[in-house]
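Q: So that we are looking at the same thing, I have put the structure below in structure tokens.
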Amino acid sequence: MKTQGLNLFIVDDNELTLAGLKNYLHQRFGDGINIFTFLTGASALEKMDKNTGIVILDYHLENENGNEVLKSIKEKNPNTEVIMFTSNEKIAVAVESFRKGANDFVIKGDKAWKRIASSVNNIITYPYRIMVKEF
């Protein structure tokens, strides 16, 4: 019996970032995660459904505001976990993202991909950690 992997979307208007982060996460998590990439929030929203588990979302998208896309993601599927990925270091932007439902806020830089992988791992393993704690 083959199990369906987790669906993870990466939304960024930089093709190099998309390809690099997809490759990095695939190396970390293997085939257990189905990774899809999108250059716009609108194209990601078109493909989103109840099986979209995690979205890594760039705050600065061309002609789109990441927090508005985040809001639309949460309206479409409140259970989707969203990791904001940005070069914006303003606290107000981070607070707004968390208020709109982001699970994490990662600032682009040297250790950003490692932090994203850690956040994805925490999201994936959270139910198991709760079960272990309770039982």
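Q: Condition first: within 16 Å of Gly5 (Cβ to Cβ) and in contact with a Leu (Cβ under 6 Å, 6 or more places away or on another chain). Can you find one or more residues in region 47-59 that meet it?
A: yes
Q: Can you confirm whether Ile33 is at negative phi, aliphatic (A, V, I, L, M) and touching a His at 6+ places or on another chain (Cβ under 9 Å)?
A: Values: at negative phi: yes; aliphatic (A, V, I, L, M): yes; touching a His at 6+ places or on another chain (Cβ under 9 Å): yes.
Yes: the conditions hold for Ile33.
Q: May I ask you to verify whether Thr52 is of a type in the set (S, T, N, Q), within 15 Å of the chain's Cα centre (by Cα), within 21 Å of Arg115 (Cα to Cα) and modelled with pLDDT under 95? Can you show your working first?
A: Details: of a type in the set (S, T, N, Q): yes; within 15 Å of the chain's Cα centre (by Cα): yes; within 21 Å of Arg115 (Cα to Cα): yes; modelled with pLDDT under 95: yes.
Criteria met by Thr52.
Q: Please pick out the residue among Leu25, Leu6, Leu39 that is touching an Asp or Glu at 6+ places or on another chain (Cβ under 7 Å) and aliphatic (A, V, I, L, M). Spell out the reasoning first.
A: On the way: Leu25 fails: touching an Asp or Glu at 6+ places or on another chain (Cβ under 7 Å); Leu6 fails: touching an Asp or Glu at 6+ places or on another chain (Cβ under 7 Å).
The match here is Leu39.
Q: While we're here: Under 8 Å by Cβ, and 6 or more places apart or on different chains, what pairs join a residue from region 70-97 that is farther than 21 Å from Ala117 by Cβ with one that is assigned to a helix (DSSP H, G or I)?
A: That search, which allows pairs on different chains as well, returns Ser72/Gly41; Ser72/Leu45; Lys76/Leu45; Val93/Asn67; Glu96/Asn67.
Q: Consider Leu61 carefully, then state whether it is at pLDDT 90 or above, hydrophobic (A, V, I, L, M, F, W, C), under 18 Å from Val106 (Cα atoms) and in contact with an Asp or Glu (Cβ under 8 Å, 6 or more places away or on another chain).
A: Numbers: at pLDDT 90 or above: yes; hydrophobic (A, V, I, L, M, F, W, C): yes; under 18 Å from Val106 (Cα atoms): yes; in contact with an Asp or Glu (Cβ under 8 Å, 6 or more places away or on another chain): yes.
Answer is yes for this residue.
The values are calculated or read from the model by the stated rules, or taken from the named source; none is laboratory data. On a predicted model such as this, the values are computed, not experimentally measured, just so you know. Virtual Cβ from ideal backbone geometry, glycine too; neighbours counted across all protein chains shown.
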